[in-house]
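Everything below concerns the one structure shown next.
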Amino acid sequence: MNRVAVICFWWGQWPEDNPGLGKYYVNRLKESVARHTTIPYDFLVYVDGDKYRNVSLLNDMTVVPLTKEFESYRWNLKKMNMFDISAALHTYAWVVALDLDIVITDSIDFLLAHRSNGLVTCRGAYTDGIGGSIVGFSPRAFWTNFLVEYLHDNYAKVEKETQGSERKFYQKFFGDDVLTSMVTFWQDTYPGKVLSYKLDKYKNGAAIVRFHGRPRPHEVEQNYSWIQEHWK
């Protein structure tokens, strides 16, 4: 089996300045992925209980509830649900998890075709450490079970140390001498394809611009033709 899943997460009152736009972000991401890849995939969105019960929010896509335990976790630690067996991703050979606040501008076939036994992610925008906007992994990789067990067994400590940041959690978990070699970065393997809105100037040929916080795409959409062209 060589099935691929593209997943995203939506919970709470997001985006904070206009929560009513959340469903549009999910749908725009879904449509953007469809326009920018030739590789077959399934699209899944993981949501909190309120959104799962209101099925009319998201049409024509597979909607999966976060487990109650992960839903209770702070901020982006909720995303760690994707590594747990409860996410039902083990039938896939490869999973690509995308944040909602990205703009896809060119083919992302490289994301879906990539394979690794480790974690493939972005370099942090302001440091050389691990980021979390775009994550690729095999649900069958041995370390996924260890990651979930470590989070569950040490949650109070992890929450205090990370304040709910998945980036800080990745840095802690993969900081082990054995596991650190399991992390690679999209920017190193595919130079020029993954940009930061805050730090990089957009260039033709870039595939994804990640916003990682404010401003969100809807706040600056009118300022850039490349956002208007591709984020729809």
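Computed from the coordinates by the stated procedures, all read-outs in this text should not be read as laboratory data. If you're wondering where the values come from, they're calculated on a predicted model, not measured in any experiment. Heads up, the Cβs are rebuilt from the backbone with ideal geometry, glycines too, and the neighbour counts pull from every protein chain shown.
Averaging the Cα positions of each part gives two centres, and for the range 175-217 and the range 46-76 these lie 26 Å apart. Note on the range 185-232: Rg/Rh from Cα positions, Kirkwood definition for Rh, rounded to two decimals, is 0.96.
Residues considered: Gly124, Gly213, Gly164. Largest GNM mean-square fluctuation over the chain, using C-alpha springs under 10 Å, is found at Gly213. Note: relative contact order over the range 60-156, using C-alpha pairs below 8 Å and six or more positions apart, is 28 percent. Modelled label positions at Ser107 and Glu219, each set 7 Å beyond Cα in the direction of Cβ, lie 3.4 nm from each other. For His114 and Lys232, the difference between the fully extended length at 0.36 nm per residue and the C-alpha to C-alpha distance is 39.9 nm.
Backbone phi angles across the range 119-127, fed through the Karplus curve with coefficients 6.51, -1.76 and 1.60 (θ = phi - 60°), yield HN-Hα couplings of 9, 10, 8, 8, 5, x, 5, 10, 9 Hz in residue order; Gly and Pro are listed as x. The stretch between Ala34 and Phe146, if pulled fully straight at 0.36 nm per residue, gains 37.0 nm over its current Cα-Cα span. Mean-square fluctuations from a GNM of the chain, with a 10 angstrom spring cutoff on Cα atoms, peak among Leu199, Leu112, Leu98 at Leu199.
Residues Met1, Met82, ranked from the fewest to the most other C-beta atoms within 10 Å, line up as Met1, Met82. Return the long-range amide H neighbours of Gly12 (sequence gap of 5 or more, or a different chain), with a cut-off of under 5 Å between placed amide H atoms. Excluding prolines and chain starts, which carry no amide H, the hits are Asp48. The charge dipole of the chain, taken about its Cα centre with unit charges on the Cβ atoms of Lys, Arg (+1), Asp and Glu (-1) only, comes to about 220 debye. Its convex hull of Cα atoms gives the chain a direction-averaged projected area, equal to a quarter of the hull surface, of 12.1 nm².
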